[in-house]
1. Could you check the stretch 350-360 and list, in sequence order, the residues that are hydroxyl-bearing (Ser, Thr, Tyr) and within 11 Å of the ligand (Cβ to nearest atom)?
2. Please go through the stretch 107-154 and give me each residue that is under 28 Å from Tyr303 (Cβ atoms) and in contact with a His (Cβ under 7 Å, 6 or more places away or on another chain), ordered by number.
3. Please list, ordered by residue number, the strands (runs of 3 or more DSSP E) wholly in the stretch 257-345 having 2 or more residues that are more than 13 Å from the ligand (Cβ to nearest atom) and buried (at least 24 other Cβ atoms within 10 Å of the Cβ).
4. Looking only at the stretch 331-361, which residues are farther than 26 Å from Ser137 by Cβ, touching a strand residue (DSSP E or B) at 6+ places or on another chain (Cβ under 8 Å) and among the hydrophobic types (A, V, I, L, M, F, W, C)?
5. Which condition number in (1) outside any loop (DSSP other than H, G, I, E, B); (2) within 11 Å of the ligand (Cβ to nearest atom); (3) in contact with a Leu (Cβ under 7 Å, 6 or more places away or on another chain) is the one that Pro365 fails?
6. If you scan the stretch 394-434, which residues turn out to be among the hydrophobic types (A, V, I, L, M, F, W, C) and part of a strand (DSSP E or B)?
7. Where residues in the stretch 163-185 are surrounded by 12 or more Cβ atoms within 10 Å (Cβ to Cβ) and of a type in the set (Gly, Ala, Ser), which of them is modelled with the highest pLDDT?
8. Show the residue pairs meeting these rules: Cβ distance below 7 Å; 6+ apart or different chains; first residue within the stretch 257-286 and in contact (Cβ under 8 Å) with a residue 12 or more places away in the chain; second residue assigned to a loop (DSSP other than H, G, I, E, B) and of a type in the set (Phe, Trp, Tyr).
Amino acid sequence: MPDPQPMSNRQRKIMERQAERNREMAAAKRSETRTPFREAELQFLSRHPPPDYSKALDFRQPVEVLLRDPKIKRVPLHKRISEFSDLFGVKDLQQEGGDLPENAYLHEDHPGLIYIPAAFTPTAQRNLIKGCLKDYSRHPNKSNLDTHYLVPDSGLWDLHENVFTGKQPSDDPSIFVQRKAKVDEQAGGYGSDDDDDNDSKPDNKRPKMKPKSPVPSIRTLVPIMDGTPTVPDNVPKDDPEPSAQVPILPPAQLVRKMRWITLGYQYHWPSKTYHFDQNAPFPEELSILSKAVVDAVDGVGPYPYPADDFVAEAGVVNYYQLKDRLMGHVDRSELNKEAPLVSFSFGHSCIYLLGGPTREKEPTPILLQSGDILVMTGPCRSAFHGVPRIIENTLPTYLQSLPEEPEWDIYADYLSEARINLNIRQVYPPNDSPASPVQH
Ligand code: SIN
């Protein structure tokens, strides 16, 4: 076979134009088949014009206004959640002048949703946020960064803290977390999808060239499950290869690349299933906390689950920067689909879209705020949901820098552009679960 003739510039341009047209046609076709869930996502993803946040359901509006919506029902909690755990900041209640909720809310369009607004005192929120950033992010819990970086066992946050507090100088080579993959300098293997990282410390002299072949961006490791209808569920997939293209960053920037960590049974994002043989010790206070919530909502909604049967076996901490989002998906990897999923929000508020069993059902946009708890039971447990928007300038003042608490500064700094979600699940049916180690 003779060698193919090299393509002329004209031919290349024609091919590029054709490819562009094909892409446009594919986009147009997709828009014809947009589901109501996708429509809502697009509304809240829009930057210009900005979304109309008044369309979102705010469970913290004055109760008499909230209950004017006939679809919303207020129900007393089975137990006041403050009875259970210091994590709710019970001791600080008087000092902080607040009161913890005695009621939860149900929504007629979302059977199984139980919403508990403003469930934590500021102190309790700060304690949990510290846990999410400093403690739970350490090995053996895995994070998205572990795919590409040699994160030390002492944790990335400790490195960040050392530099932030001046314990280590910011140009100390040991503060830079190294890549797992070796960079092939010959191949021109620099650059990343994150162009804004190009001025980062030791790599600031790197040539600004694009990699020769597409490489996985760490952004692709955001847990986007069921992100498009073309990705079928539970298709076994390999772990992504460590990339030699990820940038070496100072810890203050690398912590902002943390997208998730997994607790207990480690979740395998590519195949959307658990590693049943990888069970990291579950943080004890989070077991107590989630059980307390399950107990508080016992009998509150139409799908009761005895708190005695609830065991916190897996969890995910999702870290969102202001521009991040989590596309619509269903959590269906647990063997136990009856147990509630308990989800906590901290930091900036977000728009949470709660849909139904398919993307065809129009979702309800909910304004999720710091300290709110969402419990998903019954059919709501397998409803489509997602977070298309983190809302700027919504960080509560009690999570900003506090003159009387300088050690909070590093957390306030992180939260100034972030939201954290902690969600906890039971994986096995009751009594089926192999004994779970608990972390003390
Ligand atoms: C999730 O669905 O996994 C996270 C939801 C949230 O961030 O509130």
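The values are calculated or read from the model by the stated rules, or taken from the named source; none is laboratory data. The model shown is predicted, which means the values in this text are computed figures rather than measured ones. Virtual Cβ from ideal backbone geometry, glycine too; neighbours counted across all protein chains shown.
1. Here is the first cut: in the stretch 350-360, the ones hydroxyl-bearing (Ser, Thr, Tyr) are 352, 358.
The one that is hydroxyl-bearing (Ser, Thr, Tyr) and within 11 Å of the ligand (Cβ to nearest atom): Tyr352.
2. Leu113
3. Details: elements: 260-268, 273-279, 314-321, 326-329.
Output list reads 260-268.
4. Leu353, Leu354, listed by residue number.
5. Condition (2) is where Pro365 drops out.
6. Result: Ala418, Ile420, Leu422, Ile424.
7. Across the stretch 163-185, the extreme among qualifying residues is Ser170.
8. Pairs that qualify, where the first residue is in contact (Cβ under 8 Å) with a residue 12 or more places away in the chain and the partner is assigned to a loop (DSSP other than H, G, I, E, B) and of a type in the set (Phe, Trp, Tyr), are Ile261/Tyr136; Leu263/Tyr136; Pro283/Tyr136.
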